[in-house]
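Before any comments, here is the structure.
The values are calculated or read from the model by the stated rules, or taken from the named source; none is laboratory data. Computed from a prediction, not measured in an experiment: that's the story for all the values here. Cβ atoms come from the backbone with ideal geometry, glycine included; neighbour counts cover every protein chain shown.
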Amino acid sequence: MTTALDARSLLESLVGQQISTLTGRPNTVLGLADTNVIVGTDRSPDGEPVPIDAVQAALDRLQETDEIEVHPRSLGYRSSFVGAVLLTLPGAVALPTSPRRIRITDPMTVYHIHEAGHVNDWWADDAQQRFWLEITDRPDIGVDLHCPQRDATGSRTPGYSLIWYVRVGNIVFHYDKNEHAITNWSRAAGQVTEAPTVWLSHRATTRRRLQQERAQPGWWLDLDGPFPLDPPVTLAQIRANAPQLRAVLEALRSDHPGSLYFPFSFYGGTEPRPQQPYLNKLPAEFVELFPALATAAKLASPGAEDHSAHTTPLLGTTYREAQVSTLPSERQPFTVDPALVERGLKGHSDMQNALADVLRQAGIEPRSRLPREPNFDIAWVTGGTVFVAEVKSITDANEEEQLRLGLGQVLRYRHRLRGLGHDHVVAVLAPERAPRDASWQDLCHELGVALLPGNDIQRAPQLPRIPDP
């Protein structure tokens, strides 16, 4: 807030309107008289005067600090009305504190608070508490986070609203209900976006009542990953650590009043069971109890790439089949890394998996990236040369844009892999079909990039080692 706020002008704009206090009581701005605003209430429908200076003082303080306490000791004896006026400002939100406070914030946060509601963010001031647990039976586990905006009764629920509290770079572990284990991990790679989702609640009673999935408004969050845990953390291992987990839970309860969104309940008081909510807060103390989780946390930490860059020259890990996301195609592709968005498209996934099949048939093992490696689609090694590919789905309308994007990506991958100790790296640009503009072949040749369109992927095992440009 940089422009000075004038209380008289603001109040004049509210004349004749009914505004609500933080407790929901109606106040009506009846008019202005000299130095006062006349306010009607249920008790005084004809109105009582409130000094305009009291409103001006509150506006000045809010402009200076972006947050203000709504209490008589801060705003005077008509603090409820003054707070109601402040709530009419763009970006003003009421915080669930005691006493209540009003904050001026950005539009995205306003949407977040209004639509997702408040949760007890007990972890907010602790940078170590950067872990989450998705509990799901979805087949494309770890591709993204997505959930409805409301539960089956139309109410907010923390199991969905928590998606708004996942920050870029946070670690999301994934509990697979089919495997009864935490099987993968990912990094949050963007901001929450809004798009429809098709969903059926995990709750048995809701499943029996609704019987089938239904389309509804949803929230989506892109992830970088998934990366498999080796080995997975099984439910049996979690139960074997029940006493330690209970100690973690009790310590958190002692330090942080209110809901903790702990991902496991204790059946019969002793046996950990995964909770029904979709998204849960996974305490750092939980992660530290299991070596596989702790190792993943270290791999995901800033600086982990450089630490191992010169000691691990092996390429990638076992290839992970590309999954088709159910995210609607109208989503804006540049809200996060465009590669993460595009990988969810069917054309991209089909092309990438087809390339992997061609390599396997030739006796070559396709590889997926490790956390420290650049964000390539697929790579392989033949004759001591690393081939790193960026797959691109293209149409007549977006061909130029997609190929320019893909070329920049794959050149970056080549540079990064060389920095990780791979001496001979060939960049491969793999669009779904051959470009209509033949000059793309000349450009790729000049830059030492192999152009491998979808109708020619059988050549992949025989691609030559291109001399370094």
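Miscellaneous remarks
- Only one of ARG207, ARG253, ARG239 that is among the basic types (Lys, Arg) and modelled with pLDDT under 90: ARG207
- Of all residues in the range 130-158, those satisfying the criterion of being of a type in the set (S, T, N, Q) and either farther than 13 Å from TYR175 by Cα or in contact with an Asp or Glu (Cβ under 6 Å, 6 or more places away or on another chain) (or both) are GLN149, THR153, SER155, THR157.
- Residue check for ALA379: surrounded by 17 or more Cβ atoms within 10 Å (Cβ to Cβ) and assigned to a helix (DSSP H, G or I): no
- Contacts under 6 angstrom Cβ, first residue in the range 135-154 being assigned by TED's automatic domain parsing to the domain that holds THR183 and among the hydrophobic types (A, V, I, L, M, F, W, C), partner part of a loop (DSSP other than H, G, I, E, B) and modelled with pLDDT of 85 or more, 6 or more apart: CYS147/TYR278
- Looking across the range 442-469, the residues that are outside any strand (DSSP E or B), modelled with pLDDT of 90 or more and touching a strand residue (DSSP E or B) at 6+ places or on another chain (Cβ under 6 Å) come down to CYS444, LEU452, PRO453, LEU463.
- Filter pass, SER265 being surrounded by fewer than 19 Cβ atoms within 10 Å (Cβ to Cβ) and assigned to a strand (DSSP E or B): yes
- When the range 214-234 is filtered for residues that are surrounded by fewer than 21 Cβ atoms within 10 Å (Cβ to Cβ), more than 14 Å from PHE173 (Cβ to Cβ) and either aliphatic (A, V, I, L, M) or without any contact (Cβ under 8 Å) to a residue 24 or more places away in the chain (or both), the ones remaining, listed by number, are ARG214, ALA215.
- Considering only residues in the range 1-45 that are acidic (Asp, Glu) and in contact (Cβ under 8 Å) with a residue 12 or more places away in the chain, the one that is nearest to LEU89 (Cα to Cα) turns out to be ASP6.
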